[in-house]
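These notes are about the structure you will find just below.
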Amino acid sequence: MAGSGGAEPDLTGPTGPDRAYRGLTGPTRGLTPRLPAAPALPVARRADGSGSCARRGVPKMAATKRKRELPAAARPKKRAKRAAAGPEATAKAAPEGAAPQEYSIPAPVSQGKWKNKERVLIFSSRGINFRTRHLMQDLRTLMPHSKADTKMDRKDKLFVINEVCEMKNCNKCIFFEAKKKQDLYMWLSNTPQGPSAKFLVQNIHTLAELKMTGNCLRGSRPLLSFDPTFDKEPHYALLKELFIQIFSTPQYHPKSQPFVDHVFTFTVTDKRIWFRNYQIIEEDASLVEIGPRFVLNLIKIFQGSFGGPTLYENPHYQSPNMHRRLIRMSIAAKFKEKHQVKEVQRIKKNESKMLIEEDPTEAVFETPAEEKPVEIQFVKPESKPIVKDKRKPRKIQRKRQKKLFRTEA
């Protein structure tokens with residue numbers, strides 16, 4: 001037989017084991033020793049026409065028997081590319097005489113499954129100042145599960161935020177609303193079902209402004225500490241659950257770090273919620289403030305997201321407009337009081353004094369002056385003659401003589 005891939009095999013020569021193993025310098029690939037082939041046995045060829053004996057390291061010298069294909073059940077299983085390194089595998093890999101390893105390195109924490117898919121959208125409306133912008137950036141830094149968006153126009157309704165959260169694939173939202181370029185409101189909402197809460201933000205201090213000594217790892221998970229008041233009243237309990245879902249970093253989040261080194265504290269004082277961020281020091285478990293810090297004054301809690309029926313309204317809340325109005329009224333009251341005091345003093349000065357009765361003995365020692373007769377002059381008095389100063393012409397003459405003397409000299 002003639003093939004397109006190579007020449008015919010040489011069937012002449014010695015038979016027996018010497019022929020079967022002639023020229024096998026390469027690896028035998030785990031095959032059993034072949035028996036001497038019959039002279040008239042045909043040579044198997046591949047689809048490309050080359051003989052089956054043309055293998056790597058095997059020269060084309062003698063015809064060999066083609067390896068029979070084993071059934072699927074008898075084939076050896078393929079070895080896995082990446083076997084999990086567990087304690088059993090390490091024990092098997094150890095030599096027979098040596099004892100198995102006592103300690104095994106656990107798998108990293110980041111290999112856990114990310115189940116809590118909470119995402120928070122943090123953005124603001126137009127008209128905010130630099131302090132609000134820095135506070136918003138600080139919250140994005142502390143919350144690795146947050147997302148950002150462009151500023152929203154003030155003419156748009158707040159219900160549009162639900163659509164923005166849906167486009168950004170976020171189920172929580174922190175929205176900063178600025179009014180009159182001086183008042184800042186914060187919305188915390190669970191989109192799109194609700195509930196949502198509106199706060200007035202006061203006493204803002206950012207990370208760059210405080211310059212605290214504390215520090216924490218970027219993207220680490222915080223502990224949330226709440227005041228006992230959050231468990232006593234129902235509206236505070238609702239806010240606690242909202243704070244937990246928004247500010248807590250989900251476990252195994254891709255952008256988070258598997259460490260807990262700082263604490264978010266929410267304290268209720270003076271009918272307001274005070275937010276602080278502290279670092280946990282490993283030596284003595286003491287706390288050092290990091291920042292930022294701000295105070296939330298609750299206004300209303302709504303059933304829906306950015307609207308709906310009102311669940312709770314704070315009776316102690318006072319709007320910034322009313323606060324500024326009271327300040328102006330107090331200043332005006334002080335001015336009116338000063339003006340009234342001056343008016344009373346002026347009236348006292350203008351009042352007529354009480355007249356004292358005349359004393360009859362007061363004019364005892366007074367002696368009347370002599371009365372001179374009144375003379376009436378009917379003739380115009382003569383004018384006085386004008387007398388010229390005789391010394392004046394002499395002074396003028398002396399001055400002239402002095403000038404002449406000086407010029408001659």
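The values are calculated or read from the model by the stated rules, or taken from the named source; none is laboratory data. Quantities reported herein were computed from a predicted structural model and do not represent experimental measurements. FYI the Cβ positions are ideal-geometry reconstructions off the backbone, even for glycines, and counts take in every protein chain you see. Surface areas here come from the heavy atoms of the whole protein model, side chains and all, with no ligands, DNA or RNA. Shrake-Rupley method; radii C 1.70, N 1.55, O 1.52, S 1.80 Å.
In order along the stretch 392-401, the Karplus-derived 3J(HN,Hα) couplings, from 6.51 cos²θ - 1.76 cosθ + 1.60 at θ = phi - 60°, round to 5, x, 5, 5, 5, 5, 5, 5, 5, 5 Hz, and Gly and Pro are given as x.
Largest accessible area first, the listed residues 356, 204, 376, 161 line up as 356, 376, 204, 161 when surface is computed with a 1.4 Å probe on the assembled protein chains. Selection among 279, 243, 222 by position relative to the dipole of the stretch 221-290 gives 243 as farthest towards the positive end (Cβ unit charges, Cα centre). Residues whose amide H falls under 5 Å from that of residue 306, counting only those 5 or more places apart or on a different chain, are 196, with hydrogens built in the peptide plane. Please report the spacing between the Cα centers of the stretch 120-198 and the stretch 210-283 in Å, no decimals. Each part's Cα centre sits 19 Å from the other's. Computed 3J(HN,Hα) for the stretch 117-125, one whole-Hz value per residue from the Karplus formula 6.51 cos²θ - 1.76 cosθ + 1.60 where θ = phi - 60°, is 9, 6, 10, 10, 9, 10, 7, 9, 8, glycine and proline marked x.
Which value, in debye to the nearest 20, describes the size of the charge dipole of the stretch 285-365 about its Cα centre when Lys and Arg Cβ atoms bear +1, Asp and Glu Cβ atoms bear -1, and nothing else is charged?
My answer is approximately 700 debye.
Per residue, the solvent-accessible area of the stretch 151-224 (1.4 Å probe, heavy atoms of protein chains only, all protein chains present) comes to 55 Å². Measuring with a 1.4 angstrom probe and ignoring ligands and nucleic acids, residue 339 comes out at about 110 Å² accessible. Of the solvent-accessible surface of the stretch 108-152, computed with a 1.4 Å probe over protein heavy atoms with every protein chain present, carbon and sulfur atoms account for 50 percent. Accessible surface for the stretch 231-308, divided over its residues, is 47 Å² per residue with a 1.4 Å probe. Amide H to amide H, with H built 1.01 Å from N, residue 147 comes under 5 Å of 120, 121, 122, counting only residues 5 or more places away or on other chains.
Rounded to whole numbers, the Karplus 3J(HN,Hα) couplings from phi for the stretch 259-274 are 9, 10, 10, 8, 10, 9, 10, 10, 10, 9, 9, 6, 6, 10, 9, 9 Hz, using 6.51 cos²θ - 1.76 cosθ + 1.60 with θ = phi - 60°, and x at Gly and Pro. Surface composition of the stretch 284-409: carbon and sulfur make up 56 percent of the accessible area, probe 1.4 Å.
Ordered by solvent-accessible area of protein heavy atoms (1.4 Å probe), largest first, the residues 312, 252 come out as 252, 312.
From largest accessible area down, sort 119, 406; use a 1.4 Å probe on the protein chains.
Output order, biggest surface exposure first: 406, 119.
Solvent-accessible area of residue 165, all protein chains in place: 0 Å² (probe radius 1.4 Å, heavy atoms, ligands and nucleic acids excluded). Here the gap between residue 284 and residue 113, fully extended at 0.36 nm per residue and compared with their Cα-Cα distance, gives a gain of 58.3 nm. How large a share of the accessible area of the stretch 185-274, in percent, is made up of carbon and sulfur atoms when the probe is 1.4 Å and the other protein chains stay in place? The value for the stretch 185-274 is 52 percent carbon and sulfur by accessible area. Between residue 375 and residue 347, the FRET efficiency from the beta-carbon distance, with R0 = 45 Å, is close to 0.35. In this structure the amide hydrogen of residue 220, modeled in the peptide plane, comes within under 5 Å of the amide hydrogens of 257, none closer than 5 places in sequence on its chain.
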